[in-house]
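The values are calculated or read from the model by the stated rules, or taken from the named source; none is laboratory data. Computed from a predicted structure; not experimentally measured. Ideal geometry is used to build each Cβ from the backbone, glycine not excepted, and the neighbour counts take in all protein chains shown. Heavy atoms of the whole protein, side chains included, go into the accessibility calculation; ligands, DNA and RNA do not. Shrake-Rupley method; radii C 1.70, N 1.55, O 1.52, S 1.80 Å.
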Amino acid sequence: MAFSSSFSPSRSVSSNASAAHIISKHESFLSPRHFFLSSNFSSAGSFLHRSYISRISYASNRRRRDSNHSRVFASVADVSLDKSIEKIQLPKGDKWSVHKFGGTCVGTSERIQNVADVIVSDDSERKLIVVSAMSKVTDMMYNLIYKAQSRDESYISALDDVLEKHRQTAHELLDGDDLASFLSKLHHDINNLKALLRAIYIAGHATESFSDFVVGHGELWSAHMLSSVVRKLGVDCNWMDTREVIIVNLTSANQVDPDFSESEKRLEEWYSKNPSKTIIATGFIASTPQNIPTTLKRDGSDFSAAIMGALLRARRVTIWTDVDGVYSADPRKVSEAVILSSLSYQEAWEMSYFGANVLHPRTIIPVMRYDIPIIIRNIFNLSAPGTMICRPPANENGDGQMLESVVKGFATIDNLALVNVEGTGMAGVPGTASAIFGAVKDVGANVIMISQASSEHSVCFAVPEKEVNAVAEALQSRFREALGAGRLSQVEVIPNCSILAAVGQKMASTPGVSASLFNALAKANINVRAIAQGCSEYNVTVVLKREDCIRALRAVHSRFYLSKTTIAMGIIGPGLIGGTLLDQLRDQAAVLKEEFNIDLRVMGIAGSRTMVLNELGMDLSRWRELLSERGEVADLEKFAQHVHGNHFIPNTVLVDCTADTEIASKYYDWLRKGIHVITPNKKANSGPLDQYLKLRALQRQSYTHYFYEATVGAGLPIVSTLRGLLETGDKILRIEGIFSGTLSYIFNNFIGKRAFSEVVAEAKQAGYTEPDPRDDLSGTDVGRKIIILARESGLKLELSDIPVQSLVPEPLRICSSVEEFMKQLPKFDQDMTKKQQDAEAAGEVLRYVGVVDAVNGRGTVELRTYKKDHPFAQLSGSDNIIAFTTTRYKEQPLIVRGPGAGAQVTAGGIFSDILRLASSKVEELSESEGGSCQAYNKFLPSKPQSIDIRRFPEIPCSGSV
């Protein structure tokens, strides 16, 4: 068999056919074992054999010139060493530091120069630098093989692109003899590759060993260029082809196992002939014990650095990349993710397994054996200290951030399916699990996670979605008889799943970690489909719906305080109250974020006609301008979806600052979707009883919050006080109070000889009334407040069950305009004047009150008289006052008193509910870390005024809130 050594693409068709016939007849030609070791090569094989030996000889001559030592070099083929040469002993230990630079670090000539500067600046006594191929070159080399074996002649131009990329880089970096020698070697290698790729083109096939040989050239070229640049900077160094040193055994799992004993011997031999304090070594490539070139497969250059670090017993291995270190979560999914200062070896490989951008576990194993730390640093940000992966000290107590030391980070795996095999016939039957996973193994599927109930009734496991159909078919076939007989009920496939894992070495034996994790998921309204935890307790793994994965990641990340407590908010109704709330948020947001780690982001503002949306959170200093200039047509469905669905912030809330019935009707759907609701709008809680009960039932069943403190007393804690009494076992007997700030102001000022219409006009002018004062005087607003408190007390009443005394004269209820009403109102002053005078004569005052009579199950709203020493007679301005008579406070009712009207106090009440929501999200945080309860107490905008503890006729007062 004779082949021309040129392998020119212009060869005739007959020659190609002849070559293809001979190659297919003797397939062993495409084995690098024969390529490099056999003494019976045909001319093509001999050509490549000679090329490989000449490359080694070239490198040997180069090193001989650089070191001025007389040495004898061996190629990968068996060449006897001159044993007369005395070997130089390889020093090992802390004097060595190992650096690895990835493809992005050496992607351009400028970056290669930066790498050389980093190498020179390292003051370690001895340095070994592992370098990858230039960015994208490995992919280009694999593409050459793909094109050649696909008989696509464009592999020739693709190889020219590889040549040009390295030729141009060399011209930018090198000059003189260095440039000439590199270009000579580059062209020499390219010619060899052309011949080899032509052979692959003819055969239409390339073995894995041939592919490994081809793709390894990228590392050879980058190492050669880098060593020349380092020498230009005045540092004497040699470059190492690690195929001469690192020996690995191929495994059946597309991985390799290093032979450390043999590699150590070869390293010592190499060093005895190439002594140097700085060595530039190729990453990714190695050889088999038979001296066949191969690669280290996935993350090969990192693996090379770890192996060399272990062989040298180096004091550290630094992996240089393009990120500042290992993040607590994927920063593309969690913008608040932080750089971790340190990880244990176990934490690093747990996070790596679950897809985090951390070193592969096999990279960690060689250095772990000798407790050599790995540092991950950013070549583009030398000021960043990076992340250290090491064995933590036995007495480590963390860095002062307790929660960070317990859970280090979170990782996810997407595009999975869950397979559930269940049936009563599985319980107590030995070998069932073995049969299940034996069937999975037979189809070559990778099992990511396994979970089994202790009842042995079911086994579920996660596999990549692309493999699930084959797994399901294999299980159906394997258990056809058991399924038919009913011993197994089903083999169920649940598609569209993702895995979320929480990782931390100190999770082990730390109570409450799982509870906090699942609590965070539940409050984000996320369902968990399967759970797994190893006995090491280093990770807790859950399976979720794919669409919930990012939101779940953000929820648990926020819960463990690796990010600030973030709440996405949508404000509906930017009128007087809503606008005041937005201004309060603007003024306090920075303080809340800095001092209390509460990040309130307004994602959108919706008015009756227009709305404005923002992806990251609005600039509240310009919210009015943004609404005016960038507003689009209001669409509440789109608005809710934007706030809840597009930002993956785990906690989202819609704040309804309107009095709109239609908007209130949407609360149920929002809560069901996991959106919290905060509102001063009374329409939902005072509307039809069945809808109210449905809303409250949903609130109790879910982890979404529905806060409506401002529906009854503006900024006063009336609803929360009532709930507190009930939750502590007290029983409500009676609630009586002045609930309208407007009517409180009117009757506090309706004294002496003043006319009722005059006081109403004054209240309207001062902004205490609604635009139409009849809305206040009708008593409907107070009636709604009474029905809300009655329902909170357990009474099942409709609004129509509450008799409400209207203060609007009957003839004026149909006035066509507010102006007409105000003009006609003085005509009816006489009736109200008589009531006021009668009260005055009896030593009493008029007060418009609402009453919940819980004992008799009824409520009323009416104008009443009270003695002047009664608490209700002591009010001023627009204050509200509410008295709770309970089993516990029967003799001396509990009094709540304070401002009950005005945009500031109402907005303040809404703000208090927002902070209460934030507090519920971090309620288990240490108080020393600034929990939200502190923020809630500090920023409660309208604290009720206390009154003296004194005894009054009819309603003695024992205390106030």
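Positive end of the dipole of segment 407-562, charges at C-beta (+1 Lys, Arg; -1 Asp, Glu), about the Cα centre: which of Val542, Pro464, Gln452 has its Cα farthest in that direction? Farthest towards the positive end: Val542.
Projecting the Cα atoms of Ala761, Pro871, Ser800 onto the charge dipole of segment 717-900, computed from C-beta unit charges around the Cα centre, puts Pro871 farthest toward the positive end.
How big is the convex hull of the Cα atoms of segment 717-900, per residue, in Å³?
On the way: hull volume 21.4 nm³, N = 184.
Each residue corresponds to 116 Å³ of Cα convex hull volume.
Going through the cross-link list Lys834/Lys867; Lys666/Lys731; Lys694/Lys796; Lys764/Lys868; Lys232/Lys277, which pairs have a Cα-Cα distance over 21 Å in this structure? Intermediate values should be presented prior to the final figure.
Values: Lys834/Lys867 17 Å; Lys666/Lys731 32 Å; Lys694/Lys796 13 Å; Lys764/Lys868 26 Å; Lys232/Lys277 16 Å.
Violating the 21 Å limit, Cα to Cα: Lys666/Lys731; Lys764/Lys868.
Of all the accessible heavy-atom surface of segment 407-562, with the other protein chains kept in place and a 1.4 Å probe, what percent is carbon and sulfur? Don't jump to the answer; show the numbers that get you there.
Values: 3150 of 6480 Å².
C and S atoms contribute 49 percent here.
Quote the FRET efficiency, to the nearest 0.05, computed for Arg391 versus Lys95 with a Förster distance R0 of 22 Å and r equal to the Cβ-Cβ distance. Working shown, then result.
Numbers: r = 21 Å, r/R0 = 0.96.
The computed FRET efficiency comes out at 0.55.
Go through segment 221-316 and name the GluC sites (Glu not before Pro) that are in a DSSP coil and have 14 or fewer other Cβ atoms within 10 Å of their Cβ. Qualifying residues, ordered by number: none.
Quick one: length gained pulling Glu268 to Leu183 fully straight, 0.36 nm per residue minus the C-alpha distance? Don't skip to the answer; put the middle values down first.
Values: separation 85, 0.36 × 85 = 30.60 nm, distance 3.01 nm.
Gain on stretching Glu268 to Leu183: 27.6 nm.
Please report, in debye to the nearest 20, how large the charge dipole of segment 500-578 is about its Cα centre when each Lys and Arg carries +1 at its beta carbon and each Asp and Glu carries -1 there.
100
Take segment 717-900 with all the other protein chains still there, run a 1.4 Å probe, and you get 43 Å² of accessible area per residue. Residue order by solvent-accessible surface for Tyr353, Tyr538 is Tyr353, Tyr538, largest first, with ligands and nucleic acids left out and a 1.4 Å probe. For segment 407-562, the Kirkwood hydrodynamic radius from C-alpha pairs, put into Stokes-Einstein at 4 °C and a viscosity of 1.567 mPa s, yields a diffusion coefficient of 79 µm² per second.
If you take the beta carbon distance between Lys694 and Lys890 as r and set R0 to 30 Å, what does 1/(1 + (r/R0)^6) give as a FRET efficiency, to the nearest 0.05? Write out the running numbers ahead of the final one.
Details: r = 34 Å, r/R0 = 1.13.
Efficiency computed from Cβ-Cβ geometry: 0.35.
Within the assembled protein chains, the solvent-accessible surface assigned to Asp776 is about 20 Å², based on a 1.4 Å probe.
Summarise the accessible area of segment 717-900 (1.4 Å probe, protein heavy atoms) by the percent that is carbon and sulfur.
On the way: 3820 of 7960 Å².
Heavy-atom surface of segment 717-900 belonging to carbon and sulfur, 1.4 Å probe: 48 percent.
Note on Lys273: lysines with a C-alpha under 22 Å away, same-chain residues under 8 apart excluded, are Lys83, Lys87, Lys92, Lys95, Lys127, Lys185, Lys265.
Here Lys545 sits with roughly 80 square angstrom of accessible surface, probe radius 1.4 Å.
Each residue of segment 103-119 was assigned a 3J(HN,Hα) from its phi angle through the Karplus curve 6.51 cos²θ - 1.76 cosθ + 1.60 (θ = phi - 60°); the sequence is x, 5, 5, 10, x, 9, 4, 5, 5, 4, 5, 4, 4, 4, 5, 5, 4 Hz, with glycine and proline shown as x. On segment 172-310, 44 percent of the accessible area sits on carbon and sulfur atoms, based on a 1.4 Å probe. Over all distinct Cα-Cα pairs of segment 211-268, the Kirkwood formula returns a hydrodynamic radius of 13.4 Å. Computed from the C-alpha gyration tensor, the three semi-axes of the ellipsoid equivalent to segment 96-321 are 27, 22, 14 Å, from longest to shortest.
The residues of segment 450-584 have, on average, 39 Å² of accessible surface per residue, using a 1.4 Å probe with all protein chains present. Ligands, DNA and RNA excluded, the heavy atoms of Lys194 present near 80 Å² of accessible surface to a 1.4 Å solvent probe. Charge dipole (Cα centre; +1 on Lys/Arg Cβ, -1 on Asp/Glu Cβ; no other charges) of segment 744-797 amounts to roughly 220 debye. Between the amide H of Thr294 and those of Ala286, Ser287, Thr288, distances stay under 5 Å, these residues lying 5 or more places away or on another chain, with hydrogens modeled in the peptide plane. The phi-based Karplus calculation (6.51 cos²θ - 1.76 cosθ + 1.60; θ = phi - 60°) puts the 3J(HN,Hα) values of segment 254-259 at 6, 9, 10, 10, x, 9 Hz, whole numbers, x for Gly and Pro. Remark: segment 305-358 carries 32 Å² of accessible area per residue (probe radius 1.4 Å; ligands, DNA and RNA excluded).
One chain, two ends: Asp838 and Arg754. Fully extended at 0.36 nm per residue, the span grows by 28.8 nm beyond their Cα-Cα distance.
Spin-label model, Thr661/Asp160: points 7 Å from Cα along the beta carbon direction are separated by 7.9 nm. Note that segment 788-805 has calculated 3J(HN,Hα) couplings of 5, 5, 4, 5, 4, 7, x, 7, 9, 10, 8, 4, 5, 7, 9, x, 10, 7 Hz, one per residue in order, obtained from phi through the Karplus relation 6.51 cos²θ - 1.76 cosθ + 1.60 (θ = phi - 60°); glycine and proline are x. Ranking Phe560, Trp623, His644 by Cα position along the charge dipole of segment 545-667, where only Lys, Arg, Asp and Glu carry charges on their C-beta atoms, puts Phe560 farthest toward the positive end. Taking 7 Å steps out from each Cα toward its Cβ at Val429 and Ser817 produces label points 8.6 nm apart.
If r is the Cβ-Cβ distance from Ala634 to Ala508 and R0 is 30 Å, what FRET efficiency results, to the nearest 0.05?
Values: r = 52 Å, r/R0 = 1.74.
In this case the efficiency is close to 0.05.
Using Cβ point charges alone (K and R +1, D and E -1), the dipole size of segment 717-900 about the Cα centre works out to roughly 400 debye.
For segment 455-475, the residues whose backbone nitrogen is under 13 Å from a point 7 Å from the Cα of Val443, taken along Cα to Cβ, are 461-475.
A cut-off of 5 Å between modelled amide H atoms, ignoring neighbours fewer than 5 places along the same chain, links Gly409 with Val503.
For a modelled paramagnetic label at Asp257, 7 Å from Cα along Cα-to-Cβ, no residue of segment 292-329 is in reach, as no backbone nitrogen comes under 16 Å.
Stretching Asp117 away from Gln168 to a fully extended chain increases their span by 16.3 nm, per 0.36 nm per residue minus the current alpha-carbon distance. Taking a straight Cα-Cα cut-off under 20 Å and skipping sequence neighbours fewer than 8 places away in the same chain, the lysines within cross-link reach of Lys545 are Lys333, Lys466, Lys523, Lys673.
Using a/c under 1.5 as the rounded threshold, could you call segment 488-575 rounded, prolate or oblate? The axes a ≥ b ≥ c are square roots of the C-alpha gyration tensor eigenvalues, and prolate needs a/b larger than b/c, oblate otherwise. Let's see the in-between values first.
Details: a/c = 2.88, a/b = 1.29, b/c = 2.23.
Verdict is oblate for segment 488-575.
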